[in-house]
Structure formats: C-alpha cells, structure tokens
1. Could you look through region D:145-160, keep only residues that are farther than 15 Å from D:Ala127 by Cα and in contact (Cβ under 8 Å) with a residue 12 or more places away in the chain, and pick out the one that is farthest from the other protein chains (Cβ to nearest Cβ)?
2. Looking only at residues in region D:252-294 that are part of a helix (DSSP H, G or I) and open to solvent by less than 10 Å² (accessible area, probe 1.4 Å), which one is nearest to the other protein chains (Cβ to nearest Cβ)?
3. Test A:Glu107 against the stated conditions and say whether it is part of a strand (DSSP E or B) and away from every other protein chain (no Cβ under 14 Å).
4. Take region A:1-33 and flag every residue that is out of contact with any helix residue (DSSP H, G or I) (no Cβ under 7 Å at 6 or more places or on another chain), free of Cβ contacts under 8 Å to residues at least 12 places away in the same chain and not in a helix (DSSP H, G or I).
5. Being in a loop (DSSP other than H, G, I, E, B) and open to solvent by 20 Å² or more (accessible area, probe 1.4 Å) is the filter here, so list the residues in region B:82-96 that pass it.
6. If you go through region B:344-360 one residue at a time, do you hit one that is buried (at least 24 other Cβ atoms within 10 Å of the Cβ) and over 30 Å from B:Ala32 (Cβ atoms)?
7. Does D:Ala15 satisfy the condition of being open to solvent by 40 Å² or more (accessible area, probe 1.4 Å) and modelled with pLDDT under 95?
8. For region A:354-382, give me each residue that is in a loop (DSSP other than H, G, I, E, B) and within 10 Å of chain D (Cβ to nearest Cβ).
Protein chains: 4
Amino acid sequence: MGFEGGQVQNAIYVAGESPWPISAAEWEARAAEVLEPGPFDYIAGGAGSEATMRANLEAFERRRLRPRMLAGTAERDLAVEVLGTRSPAPFLLAPIGVLSIAHPDGEVGVARAAAATGVPLVLSSAASHTIEEVAEAMGDAPRWFQLYWVNDREIALSLVRRAESSGYRGLVVTVDTLTLGWRPRDLAKAYLPFLAGEGCAQFFSDPVFRSRLEQPPEEDVLAAAVAMLATFPNLALTWEDLAWLRGQTELPLLVKGVLRGEDAALAREAGADGVIVSNHGGRQVDGAVAALDALVEVRDELGPDAVVLMDGGIRGGADVLKALALGADAVLLGRPYAYGLAVGGQEGVEAVIRHLMADTDITLALMGARRATDLDRTWIAASS
Amino acid sequence: MGFEGGQVQNAIYVAGESPWPISAAEWEARAAEVLEPGPFDYIAGGAGSEATMRANLEAFERRRLRPRMLAGTAERDLAVEVLGTRSPAPFLLAPIGVLSIAHPDGEVGVARAAAATGVPLVLSSAASHTIEEVAEAMGDAPRWFQLYWVNDREIALSLVRRAESSGYRGLVVTVDTLTLGWRPRDLAKAYLPFLAGEGCAQFFSDPVFRSRLEQPPEEDVLAAAVAMLATFPNLALTWEDLAWLRGQTELPLLVKGVLRGEDAALAREAGADGVIVSNHGGRQVDGAVAALDALVEVRDELGPDAVVLMDGGIRGGADVLKALALGADAVLLGRPYAYGLAVGGQEGVEAVIRHLMADTDITLALMGARRATDLDRTWIAASS
Amino acid sequence: MGFEGGQVQNAIYVAGESPWPISAAEWEARAAEVLEPGPFDYIAGGAGSEATMRANLEAFERRRLRPRMLAGTAERDLAVEVLGTRSPAPFLLAPIGVLSIAHPDGEVGVARAAAATGVPLVLSSAASHTIEEVAEAMGDAPRWFQLYWVNDREIALSLVRRAESSGYRGLVVTVDTLTLGWRPRDLAKAYLPFLAGEGCAQFFSDPVFRSRLEQPPEEDVLAAAVAMLATFPNLALTWEDLAWLRGQTELPLLVKGVLRGEDAALAREAGADGVIVSNHGGRQVDGAVAALDALVEVRDELGPDAVVLMDGGIRGGADVLKALALGADAVLLGRPYAYGLAVGGQEGVEAVIRHLMADTDITLALMGARRATDLDRTWIAASS
Amino acid sequence: MGFEGGQVQNAIYVAGESPWPISAAEWEARAAEVLEPGPFDYIAGGAGSEATMRANLEAFERRRLRPRMLAGTAERDLAVEVLGTRSPAPFLLAPIGVLSIAHPDGEVGVARAAAATGVPLVLSSAASHTIEEVAEAMGDAPRWFQLYWVNDREIALSLVRRAESSGYRGLVVTVDTLTLGWRPRDLAKAYLPFLAGEGCAQFFSDPVFRSRLEQPPEEDVLAAAVAMLATFPNLALTWEDLAWLRGQTELPLLVKGVLRGEDAALAREAGADGVIVSNHGGRQVDGAVAALDALVEVRDELGPDAVVLMDGGIRGGADVLKALALGADAVLLGRPYAYGLAVGGQEGVEAVIRHLMADTDITLALMGARRATDLDRTWIAASS
C-alpha cells in the first residue's frame, strides 16, 4: 500500500505545531503577506470581473459527495497513470509561468518539491528557469512540458526538442492563450513581469530564439523580452496546425484549454492523446463556463476511454474527488502550489502537495472508495 | 483589419503605469471620490430598493460563455452597423442627461471622446450642452439624438428638427420615463440638478420652448427649469402617438425602454425601425425584469431580422458578448462612461471606451469568434 | 383622478431638503437610533433564526415586474375597496400592538396619520390606546379592529362590541398567535413590554376584563398585566369556534394568519368574508413559508372572487404591485410605519404612507397600468 | 399533557432578565469568548473547506414549513420513543467526545443536564468521563452508548459490556470516523486534545485496554494516549463485521453516519435496529451531502417503519420539526449543547435543552400539530 494520509496528519499533531498553513484560504493570505501587490495579484487575479474565477469555485461548492460506509478501504491506491506518466496521487502540478516573482527559487524550487513527492510537474514555457535546469533538479522524476505555441514555428519546435532531450514525457499545448487576457489587476498596476526579464528563461536560453535577436538578452533584456512577447500572439492557429504539431513529436500530446465537447472531439481528430479542460484559472475569457461544468460536457463527448484532465478550482481533497467522479482522469493543481512557493519555497510547495495528498487520501478512505479511479457520477448528489 | 485590443493592453504594460482605473468597480470608486454625494448618487443610484440595478448585473453573472479554441481569429472585425450608423465596436454611448454634474465639460467632453474613438454617441435631450454644440464638437462623427417625448408636441418636434439639421442620424425615443421614477438616494438629499439649471441646455436654447416663457432662462433660471420640468410628464402617450411621431421625420427611429415582447411588436407596428431593450439602468420601475432577460424575450418576439439593442449592466467585454449572443445587434454603454467623465473628462471617457473595446476584442478573439455578429445562443451555457 | 405620486416627489425636490428618510433601510436605521434596543428589537425582530423574515423579503426580490410602455396611464386610480372599506391606495396599516414603545403618541399618532391620508388603520387589540381613543382621533376615517381571540369569550366579545360601537367597519381575527412565538431578541433581553403595562389599553379599559380582576389595573399594574397575558393562550381554538364568532357580529370578518390553501377554504366555510395571508412578519413560526409564496397558493385555492389580503415584506411600491399581481386585493403595511412613528410620531407615519403611495402610484404609472386592480400574474416574470 | 414551552418563555420574561443566551449564534459567540481558540475551533470546526458544515445549515434554510391554523393544539405531546427509549422531546444529545475541553465538568455536567430534563444522552466513547461515572451521574435517566469501533475487537467489546452493565439502553456505532477527517483549524494549531490525555477516559479506565499497555496511563499519559489513538483507524471494516457486532449484544443497535439509501439498507440487512443519518457535523468528508438531504434519501429507501434519526444542522425548533417532517423519528443535538456546557456547565446545557424544547413545543403548537410524530412531507413547501 502506498501513501497514507493519516501519517501526514499524525505528524502534524504529534509535532505540536504546524509549520505551515493548512486551509487554502490561509495559504493565500500568507502569500499576500509575503509578496508585493504586483506579484501577488498577478498570481491571484483573473480576467475582467473575475466571474470565471468565482464560477470555478462555485461549481465545486454546488456539487456534493455521496460517501459510502464500511466499504473496506484500509488498502487504498491514490495513484493514477496518465499517458504513461504515473503520479502517486490523482493530480499533477499545473504549468504556471514566471514563478520567480513568487520566490527566488522559482520553478526549480517547485521541481524539487515535485521530485520529492513524486507528483509530476508540467513545466511552463514561460518559466523563470530553463527546461534543462528543471530537468537537472528533478532527476528521474516525472515531468511534462507545456508549450505556449508561439508564432515562430522554429522556436516552438526548438522548445519541444529540448523538452524531449531533457526527459519530459508529455507535451501540453495550451490553446486558450493565443493572446493575453484582459486582466484588470495587472493593467491597473501596469505589471507584466516579462518586461523585466522575468519568466523568459526558455526563450533567452533558446538558440533559435537567440538567433532572432540583434543583441543577446544579456546585453539588452528589455529588447529581448519585447521580442519574446512578440512571439506570443498566434490567433491564426487552427486545428489543422495542431495536426502538424502532432506530426513533429513522439511525445504524448495533450491540448490544454478545452471548454466545449466539440473542441475536445476536434483535438482528438487532430491527433491529441488527451485534453485538459481548463479556462486558465479564469485568467483569459471572463464569464467563461466553470471548468468543472465543462468537464462534464467534454467527458460526455469523448466517452469513457479518452484521456481527460482538468484544472480550475482545486483547493482540497474533496475537489479532487469531485472532479474524478465527474470524469477527470486526474486534475492539475495551480495557484495553491504557487502560494506554497511564495510562503516557503520548495518546502512550502512540498507542504501543499503533501497536505493535498493526505486530504485526498483521507477523504477517499472516508468516502468508501479504494482507488481514485473507482469514482463515477453516482458519487455526486443531484443538486438540490 | 481594424482595432486591435492587444495594442491597448501592450501600451499600458509598456508605459509601466496605467493613467486610469481598469475595472468597472475601480472607475466607480474613483468617481465616488471626485464627486459630491449628490451628483455621484444621481448617476449611480436607481429606483426604489435598487433591485433592478442588482438584477441587471446578476443576469450577466448568471450566464456563462462557451469559448471555442483554435478557430483562427487573427483577423477580426468588431464593427457593427445599426440602421446605417457604423460603430467600430458593438456598442454605442447611451444617452445620459445632465453630465455637467460629472464634469464641467459635460456632453461636449463625451462627444469629443466619441468622435476620437468613432463610437457613436446618443445625445440626451436632458444634456447640459446643446444639440448644436455637441454636433460642432463631433464633426462628422456618428451621433443619434435621444428624445424625451415632452408633453408639448411643438417643443418635441423642434428638438427633432434641430437634431436633423445638426447631423444626428438616428432618433431614440425614450418611452420608460414619462414621469420620473421614485429614487430614494436623490429624494433623501432632495437633489434634482435641473432645478439649478443643469441639464436644461436643449430646452433653454430652443426657440419654441423659449417662446413659452414669460422671461428668458437667462433672467430666471428657476422659473425656466420648472417650466422645462413641467413638460416632462406625458403619461397619456400611446402607441398611436408613436405612429404620429414616426410620420414627422425621416430619421431612423428607435424606441428605448421596451421590456416585453408584445411592446416590441407594437413598436414595430407603429413604424419604429428598432427597439432598445432597457429598464433605464434600474432608475424607473424598481423590481422590473433584468434588461438581459428581457432581451431574450424581445428577440424571440421580433425574430432575427429586427434591429434590437439593449442597455443595462454592461461593465466589461464579456457582458457585451453575452448580450450579442443573446440577440442584441449592439449594446449601449451607460454609467461606466459617466464615471470616466467624472474621473478624467474627455480623456477619461476615451479611456473607458478604449478599454472596453480592447476587452471586447480580446475576449472575442479568445472566444474563437471573428466578428461580433457571429455569436448566437449556442455560445451561452445553459444555467446550472 | 386621485392621488398624484409625482406631486409628493416634486414637493421634496422643490423644498430642497427632505425632512424624512426615503428608503426602507434608512427608516429602519433611524428608528434604531432613536429607540432603545428593547423596543427596537421588539419591533424589528422575529421568531427563531428569523429565516421567515428573510424569506418574506426574498420572495419579493426573486419576482420581477414586466412593465408595459405607452399604455396611456395619465389617469390612474390607486384606490381599492375591500369589504366596503375604501382605501386611496392598495394598502392598509397592519395591526401592530404596543406602539407606545415606539413613540409616546402610540396608536393615536398612527390613527391621526391614517385619518389624514385616508388609509385605513387596523387597530390592534394589544394597542396602547383604547378603541374609543383611537376612534375619536380618527373621526369618520376608515378603521378596522384586530382581535387577539383571547381565551375568555366574554372579554373577546366585549372588545368586538366596543369596536362595533366605535365605528370600526371590519373585524380582523388573528389566528397565528394563539401563543407567543419564540423570539430570541426579546428573550435575550427578557423584554416583554406588556409586563410594564404597555399595550394593555384595550383590556385595562374593558369592563368585562376589569370585572375579572381583584384590584383595578390602576392599583396593581403588574397583576393586571399578568391577568391580561393569561387570557392570550388559546390553542384549543378550532374552525368551529370561528363559525361561532362569525355568528356574533355583523362586521365583515377577516381571518389573519392563513398560510395554506386548505386553511383559506376552511376560513371561508366557517363564514369568514376574507383572509389575510400572513406569517405575522416572521414573528411566530420560524421557517414558515414566505407570505408572498403563500399568497399564490391561497389565491389558487379560493379563486378570483374571494377577498384575499396579505402582509409580510412590503417595503416599497414595487412590493405592493407584485403582491397585487400575484393575487392580493390589497396589502397591509407593517414595520415601516412603526419606524415612521418612532422617528417622527404622527408626521413620520404620514411621511411613510405618503411616500409609499407616491412610489406605488409612480411605479404603477411607469408599469403601464391605470388601476391597481388591473394587475395579474402576466405582469410577473417567470423566475430565471 | 407534558412539557409546556410557554412556561419556559414566561419564566424568562417574568424574571426580567435572561441568564443565558437564546439564539444559536449568541451561544456560539459566548462559547468563543470563554474558550481558548484550540478547544473552541475543535468543537466549532469541520473538515476541509467546511462546505458540508455550510450545507447542513443551508438545507434547513432552504426548506419552509407550512403551518396550519386553528387545529386545536392546546394538548400536545412532544415525546418520542425510539427503540424503547423515551425522550420528552423529539431529540437526544448527540455523542460528542472530549468535552473536558469545553468545561471541567465535561460529560458529567452534560449527563446531569440530560437527567434533569429527561432527554437521553448518547455518551461518546471518546468522552472525558467514564461510562460508569456518567451512569452514576444519571441514575435511571435514559442513555445510550456510542462506540468508536476501534481496531481491537476485545477493547470494543469491553466497552460494550461496560455500557450494558451500566444501564445504557442503546448502542450507537459510528461508521463515518474510521479514520480522522482532515480538519484545517485543528491542524493549523496542531491541536488534538487526546494527546494531552483529554477524552481518553473510556480507554484509560478499560481493563482490556490497560492490559495492552506497558505502563499504566497514570504513569505515562502520552504513551497511553498514543496507544489509544492507534486503536482508532479501522478502515478495513465492512458490513459483515457489523453483523458480527450485532451478534455480540442484545442492546438496540443503531448505525451512525449513513448518508446513502443503499447503506441504510445494508445496515438493516446486517441487523441494525436503526440508522442515524449524519455527516458527523461536517467534520469528516468535506463536500458531503447535507444531512437533511440524505435523510430524505434514506427514509425513501427504508420505508415508513424503519427507525431513522439524523443529526447535523439542528439549531432551533423549526429545524427539529423540518427533520421530523422529512422523515426523522428524532434528531440529535450536537454543537449547541457543547456551547451550553462551555458557557455554563450543567446549567448551560440545561438551558440549551429547555430552550430547544420550548421552541420546539411552541413552534409545533403554532404549526397546528399536536404530536411531533404527526408531521410528514406535506408540511414542507416545495422549494421556490
């Protein structure tokens, strides 16, 4: 038998003091204390009126679990395997860019926490540390690479090749950010960390990108950052382009940002191995459907055998299990681990991960299920 | 290709500081700071318990957008044309009276912002600047005239003739304010700016109105203001009167204030070229249906070919798009630009307009649509 | 044509300052300032968790009006006639006991305000002034008498006879208070004003009641008050008793406190001329259905010709009209006038009444209806 | 006729001051004042985001009672009998462990209050006072014993035998706590009172448990506490084990923690005499269905003759009656009496009990019912 949530719990109680916050609200509050408003709001905020951020949370609150008793759950298995990558718990770390604004260790701190816990990291192409640095920090631990599909195919391919060479075992193509969303918190402060050279590591280290510059980034950070940002807008992309990308790599390919059943079907037709239902944490289309609601539609469209992940609104073990019951093969954890990083670097991220594993394991046990994969919609109450 | 939302966004980030608020809440808060309570509440408040004001906003929050990905939206067109008047974005500036209480430049400031952005202005007949002054400020820029249908037909017709002569290309007849609503904020302060001569410009400058007075307004403002107010109550009007008005002008005629399908049909029968679904921003009938809900009913009644606009609750790009998806040909922006005027005069209004255009454009692009007119009800999620 | 809401409005604006609060919230806040916590909470509070108080208000907020435009409403008639009693507006003043705790003038102040406005008063049998004093204060103005059906039939009959003799034209029998509800605010302060002799006027002045006492109330107020309270519990009553009471008086008889259709039918069978749907302002059964929701059930049961009134949650003109549209022949106004009394005595009550009349009239006009009695359920939007 | 709610009410009013809080909110607030954060949050808090705690309360707020008038309710009977145990009111005191953290008198204080009022106590196996001490404090007063089914069958049986010998007339087996829930408030403070020897009375006094220890608890409290806690995790249990336990005792056996109809059926098949629908006050599975909603499902599954109790969210008389109307034979009162204990020891608990009895009795009378057992679903309004 694997991970035991009760051991995490016991260790805290026996120690007589908790070194870390426990509730999601407290983590966020602590992060707000340690960060300047610019970085904090960049992480915490969303698009427009932030209605989609609220909707993501409300969709979990609205749904209710139906626990079974005396189901014999002493032996449990929280692990999932998604497209050949195993996680000891039914979640991965979502790609989040520019984590140097949360903590100097940035994605390397996160990577070490991921490796220490075995939970796969999806490294962002807008990270503050390079594909190679993160790979080195993780050793053999499982990792995927997230691609912002920039408008320069050679740069995009270069990033993919580097990920392949560095042991990343999955490619997550984000399709919901072909231009940046309208984010009032950031705009009000004119805070865009990339302009200060933060979150540019993949590009500044990329030979193809560097070949596009007149001067190396080391000599003119602003010009390089502007050049990088200029590669992001790519709204001309279509599903046919995805088929092309599919042909460029042997890595399992997941499309992140799907919110409709028909788009999920298009992704599959274009050769994607899986989809990640997501509204980018409410940071792109304000007023978009809640991720959990979209998950139901996507799973209905693709049927039981497709690989479907989701993110948006995961704050505790109950959320993980609700998403699994409604059709997710696994979920991605986002802001909570960024707060963990802000509060405590690698150790903070580890605490967030271990707490969520423990909460998920305990809740699964108390729910009367032995495997995360046992849950289906009969475990969710009809809304009342 | 036309307007690019990303350019507005980029300009703010690159400048390193935003000269203006971004979120609707922040604009309102800033306006509350710069204005005295009387003017601020006159603009911000509504009728009775303000339940309809809340309903207008809730109707948008309740509905959710269903974005499509990889739809190839690099080329977009935000523009709409309504009854021969083109707007670069699917909104116009709603008629708001007595804007001198928000800023000394009043409607002239707004008019210059409208002209600068190309967004049409619907000038109020309760404005602080005359039809002619506003026309001069706008040059060839598109504008309509809003008529409070006063109980003196000759005065009403005189206003219409002046609008015709001054290049206004549409006539918006407001039918929901044949007497003033019961507005607790204003009543509690006994604040009615017209009594101080504010918002009387169209009448004080009107030869027919002046001919009704014993003394010119310049000599007895209060008497003239009272005389003007005395022309407003006109509850005897019926749809037959509208047919008469229809016969008096060649201008496209829109009826503003429709909340029922059957009234929309009556407006069409009486010769109106279009209707504007509106509850006057919740300022007239407290407890009335949300404008967005009424829009659905009106569009259902009139069918796809009728010209249907709406106002009430538009605060961001997602709201614009939701209204379009639910049947509006365009929307009218109200309080937000009045707050812009209060905070920064013409420049403030321009900022509000450009931000909304950018937000709408970016959201449209991220939604997977190329034209504002592409949206229909399949883009809205069934409520959950 | 009768009352003109616009005149009330104009008078306030022209005066340049409002002597009174306007919104219901402000009246309540001002009352809370001028009253001690005991009296204020006695008036403002309810039973248990006050869930029914909240439900009463929520039932109005949930429903939305559907205004019609250009319906020709210059001539309106707000008046209603209920069982031979005419009111200039579709509301009456609900029976509220012990108003001396709100203002020294108590029910006499209210009575004078009622007489001045023509709105009928339903005098409570727990009032601080006698049937005769109130009658004298009202002259010919319309009034009904409310009976708490005490457990001493001779006392009850004596009160009825006095009401008959003093020109009260209707008898309202309250059936929802056969014992006092569980009211945490009052219990926490052990505040029951009757024990101090407040609200005992009908009994202390009643010859039959006095004949039951060993000492007159003037000599031992506490003993008399306790004796009075001892007559209140009367839970043995059944509908057969109502038939008996029906036989004792020629006055129109209304049963107040009905919340079910079947009870409304029983009331009619027992000879009642009308019912008042009410949950006693949420002061008796905590968790009971909202009065407005019960109104729908009761009207459905009794059909269009029965006399059905309601109270509970009326705070503005929109509420009056919603209740009329959902089946009420008239409504009763409760707490708002008690706050008016607290804030300004008779003049405060008059202000509350005139404001509500004006608000109702203006809202009716703007709704596109000419008579309060024109409204039916087609004026209410299906909830969304 | 039995208990009279009005007498409790009268006594408070006549005394002229209330020695105790009345509303549930005030009791909780007072408890928060007198307790340290550790103990208070241990009692007040729940699992995860506390969504189930909120759901428990919301399920009551959402449902509305439909009172009947003039039903002749002078004679009432609040009493219920459940599996041979009579309560003067339709509730029992729920098992709550470790009450020494609320007040030095702990469960003995509660037991005396239970005995004084006749309301049965379900003594927790995690209590601070022994089975025998509590029995002695209660004399002949009715009591049940709650069993945390620890992973050492001999210890569990020993506890059952002691309960049998000490006059406990029912055995409540809790099946929802086979491991401890994830409770952020406690974890954040690393507060687990058992580690300080609190709440260990049943075990430290148990001969079988003591035989397992190397040193008696008196010499090494921590080691004994850890040993006790080690007996709690028992997730291997299945319904077959319940059948075994059923065979070990003649006591009526109730299964506490059922949230699904199918589990209720399994409990019956395994020989349980009754079920208690409960989510452990929201302390175990965060996001679980509200207890009141689960009650409806369980009663539907088991039919009208089964014994079904519930707890979770009972705060006032209306809640008791709503649960009865929706299918409960009786309810269990939890946190409110713990707050009573914290605020006033035995007297505080008695006050809470008597207040709830009075509130329930008065509300029943005003509802138009004579017996708590008269209510069924026709007394609940369809949600609107």
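1. D:Ser158
2. My answer is D:Asp263.
3. Against the criterion (part of a strand (DSSP E or B) and away from every other protein chain (no Cβ under 14 Å)), A:Glu107 does not qualify.
4. Answer for region A:1-33, where residues must be out of contact with any helix residue (DSSP H, G or I) (no Cβ under 7 Å at 6 or more places or on another chain), free of Cβ contacts under 8 Å to residues at least 12 places away in the same chain and not in a helix (DSSP H, G or I): A:Gly16, A:Glu17.
5. Of everything in region B:82-96, those that are in a loop (DSSP other than H, G, I, E, B) and open to solvent by 20 Å² or more (accessible area, probe 1.4 Å) turn out to be B:Leu83, B:Gly84, B:Pro88, B:Pro95, B:Ile96.
6. No: region B:344-360 contains no residue that is buried (at least 24 other Cβ atoms within 10 Å of the Cβ) and over 30 Å from B:Ala32 (Cβ atoms).
7. Yes.
8. A:Gly368, A:Arg370, A:Ala382 - these are the residues of region A:354-382 that are in a loop (DSSP other than H, G, I, E, B) and within 10 Å of chain D (Cβ to nearest Cβ).
The values are calculated or read from the model by the stated rules, or taken from the named source; none is laboratory data. What you see is a predicted model, and the numbers here were worked out from it, not measured in a lab. Note that each Cβ is placed from the backbone with ideal geometry, even for glycine, and that neighbours are counted across all protein chains shown. The accessibility values were calculated without ligands, DNA or RNA, using every heavy atom of the protein model including side chains. Shrake-Rupley method; radii C 1.70, N 1.55, O 1.52, S 1.80 Å.
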